[in-house]
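*Asks:* Got a structure here, written out as structure tokens. Questions coming.
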Amino acid sequence: MRAWSHLAVLSMVCGCARTHAHPPVATHAVRDGLGRVVHVPFDPARLISLAPSSTEILFAIGAGEKVVAVDGYSDYPPEVRARQRIGSDLEPSLERIVALKPEIVFTATSANSEATVNALERLGIAVFVSRSGSLAEIFTDIAGIGDASNREREADALSQKMRAELDLIGARARTRPPVSAVVVVWPEPLTVAGAGSHVHELLQLAGGTNLAADSPQPFPTYSTERLLKRAPEVLIIGTHAQAAPPLATFERLTSIPAVQNHRVHLIDGDLLFRPGPRIIEGARQLEHLLHPELK
């Protein structure tokens, strides 16, 4: 009850601001990752990003100067460190968001809750929701964010560059036999990249056979017994800033070929798990780990 009355006060504040502020700004309709139509200004000047992947896309398409605040986990590119922080992606400060008067708030299903989106929209704030479960959806997301931020040309150029890089990686990988592998997203509980994720696509593109594709889920929990049975040739472990690399845990699994042949590798999780421009670097690193003989 207390939370709802708190939101009601914020709604009154936001409503008063709209009543006495500048005349309405002309808007146009854009479609977000959920297929929703969102009405945004033609050239918005004040943006907030609550998802690290959205933050990286905005800066990559030249809209970084419009970003006035970000969530606590947005840490790339380095320029983002100068932006205000408004709390975690799951629990951002609604008061601070309202005070910053954003014209659009960018969120993502991979980082933010539906409750946050609903609360912001009840406050009269335009919210763009990204959904990027596949490579195709990542490119759709880049186009949508470009449309919403008036950076359509830059977004198209970014997508073309990324597609060209992925094509090159795929062409090189096809000259080599595929290598069986598993990508570990989180060590405890053991979580891997399944068939329903963009990481699965990157792994295949880079010349790997994803042994965790027996699960249709994007990031399923996986038992150690199941991992041992799958016996990957390469084990790739995504690292996270908040946790120490769990190499020792996996190096004890001496029955799998990856451990026997010293092919247990760490990779910066942000390059793989954030559905944004840096997945290209993630794909390059996957290619090198799977096929070190390729230059």
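*Asks:* For the stretch 40-57, name all the residues that are under 20 Å from Thr27 (Cα atoms) and of a type in the set (A, V, I, L, M).
*Replies:* Val40, Ala45, Leu47, Ile48, listed by residue number.
*Asks:* Scan the stretch 171-192 for residues that are small (Gly, Ala, Ser) and surrounded by fewer than 16 Cβ atoms within 10 Å (Cβ to Cβ) and report the count.
*Replies:* Going through the stretch 171-192, the residues small (Gly, Ala, Ser) turn out to be 171, 173, 180-181.
Within this subset, residues satisfying the condition of being surrounded by fewer than 16 Cβ atoms within 10 Å (Cβ to Cβ) are 171.
Here the count works out to 1.
*Asks:* Which condition number in (1) touching a residue at least 12 places away in the same chain (Cβ under 8 Å); (2) surrounded by fewer than 17 Cβ atoms within 10 Å (Cβ to Cβ) is the one that Arg252 fails?
*Replies:* Of everything listed in (1) touching a residue at least 12 places away in the same chain (Cβ under 8 Å); (2) surrounded by fewer than 17 Cβ atoms within 10 Å (Cβ to Cβ), Arg252 misses just condition (1).
*Asks:* Of all residues being among the polar types (S, T, N, Q) and within 17 Å of the chain's Cα centre (by Cα) in the stretch 47-95, which is nearest to Ala143 (Cα to Cα)? Just the residue, please.
*Replies:* Ser54
*Asks:* Could I ask something else about it? Only residues that are farther than 19 Å from Gly276 by Cα and among the hydroxyl-bearing types (Ser, Thr, Tyr): list them for the stretch 89-112, please.
*Replies:* Ser93, the sole residue that qualifies.
*Asks:* Could you say which residue among Asp89, Asp71, Asp75 is without any contact (Cβ under 8 Å) to a residue 40 or more places away in the chain, under 21 Å from Ser132 (Cα atoms) and of a type in the set (D, E, K, R)?
*Replies:* On the way: Asp71 fails: without any contact (Cβ under 8 Å) to a residue 40 or more places away in the chain; Asp75 fails: without any contact (Cβ under 8 Å) to a residue 40 or more places away in the chain.
Asp89 is the lone residue from the list that is without any contact (Cβ under 8 Å) to a residue 40 or more places away in the chain, under 21 Å from Ser132 (Cα atoms) and of a type in the set (D, E, K, R).
*Asks:* List every residue pair whose Cβ atoms lie under 8 Å apart, where the two residues are 6 or more positions apart in sequence or sit on different chains, the first residue falls within the stretch 25-46 and is under 17 Å from Lys101 (Cα atoms), and the second residue, located anywhere, is part of a loop (DSSP other than H, G, I, E, B) and of a type in the set (Ser, Thr, Tyr).
*Replies:* The qualifying pairs are Pro44/Ser149.
*Asks:* Given the condition of a type in the set (S, T, N, Q) and touching a strand residue (DSSP E or B) at 6+ places or on another chain (Cβ under 8 Å), answer yes or no: does some residue in the stretch 265-286 qualify? Before you say what the answer is, go through the steps one by one.
*Replies:* In the first step, residues of the stretch 265-286 are kept if they are of a type in the set (S, T, N, Q); the result is 285.
Still in the running and touching a strand residue (DSSP E or B) at 6+ places or on another chain (Cβ under 8 Å): 285.
For the stretch 265-286, residues of a type in the set (S, T, N, Q) and touching a strand residue (DSSP E or B) at 6+ places or on another chain (Cβ under 8 Å): present.
*Asks:* Considering only residues that are touching a Gly at 6+ places or on another chain (Cβ under 7 Å) and small (Gly, Ala, Ser), which ones fall in the stretch 139-179?
*Replies:* Those that are touching a Gly at 6+ places or on another chain (Cβ under 7 Å) and small (Gly, Ala, Ser): Gly144, Ala155, Ala173.
*Asks:* I would also like to ask the following. State all residues of the stretch 270-295 that are closer than 19 Å to Arg131 by Cα and modelled with pLDDT under 95; if no residue qualifies, say none.
*Replies:* Across the stretch 270-295, there are no qualifying residues.
*Asks:* Read through the list (1) surrounded by 16 or more Cβ atoms within 10 Å (Cβ to Cβ); (2) not in a loop (DSSP other than H, G, I, E, B), then give the number of the only condition that Ala111 fails.
*Replies:* Evaluating Ala111 over (1) surrounded by 16 or more Cβ atoms within 10 Å (Cβ to Cβ); (2) not in a loop (DSSP other than H, G, I, E, B) leaves (2) as the failure.
*Asks:* Moving to a separate point now. Can you go through Gly208, Gly276 and tell me which one is touching an Asp or Glu at 6+ places or on another chain (Cβ under 6 Å) and either outside the structural domain of Ser74 (by TED's automatic domain parsing) or crowded, with 19+ Cβ neighbours inside 10 Å (or both)? Outline the logic, then answer.
*Replies:* Numbers: Gly208 fails: touching an Asp or Glu at 6+ places or on another chain (Cβ under 6 Å).
Answer to the selection: Gly276.
*Asks:* Sticking with this one: Return the residues of the stretch 186-205 that are farther than 24 Å from Arg172 by Cα and either outside the structural domain of Glu233 (by TED's automatic domain parsing) or in contact with a strand residue (DSSP E or B) (Cβ under 9 Å, 6 or more places away or on another chain) (or both); say none if nothing qualifies.
*Replies:* Trp186, Pro187, Pro189, Leu190, Thr191, Val192
*Asks:* Same structure again: Can you work out which of the residues in the stretch 150-170 that are under 18 Å from the mean Cα position of the chain (by Cα) and not aliphatic (A, V, I, L, M) is surrounded by the fewest Cβ atoms within 10 Å (Cβ to Cβ)?
*Replies:* So in the stretch 150-170, the residues under 18 Å from the mean Cα position of the chain (by Cα) come out as 155, 158-159, 162-163, 166.
Next, from what is left, pick out any that are not aliphatic (A, V, I, L, M): 159, 163.
On the way: Ser159: 19, Arg163: 13.
Among them, the one singled out is Arg163.
*Asks:* When only residues in the stretch 48-105 that are assigned to a loop (DSSP other than H, G, I, E, B) and hydrophobic (A, V, I, L, M, F, W, C) count, which is surrounded by the fewest Cβ atoms within 10 Å (Cβ to Cβ)? Reasoning before the result, please.
*Replies:* Of the stretch 48-105, the ones assigned to a loop (DSSP other than H, G, I, E, B) are 50-51, 61-63, 71-77, 83, 86, 88-91, 93, 101-103.
Keeping just the survivors that are hydrophobic (A, V, I, L, M, F, W, C) gives 50-51, 61, 63, 86, 90.
Numbers: Leu50: 30, Ala51: 27, Ile61: 24, Ala63: 22, Ile86: 24, Leu90: 14.
The extreme case among them is Leu90.
The values are calculated or read from the model by the stated rules, or taken from the named source; none is laboratory data. Every value quoted in this text rests on a predicted model; they were computed, and no experiment measured them. All Cβ positions, even for glycine, are placed from backbone atoms using ideal geometry, and neighbour counts span all protein chains on display.
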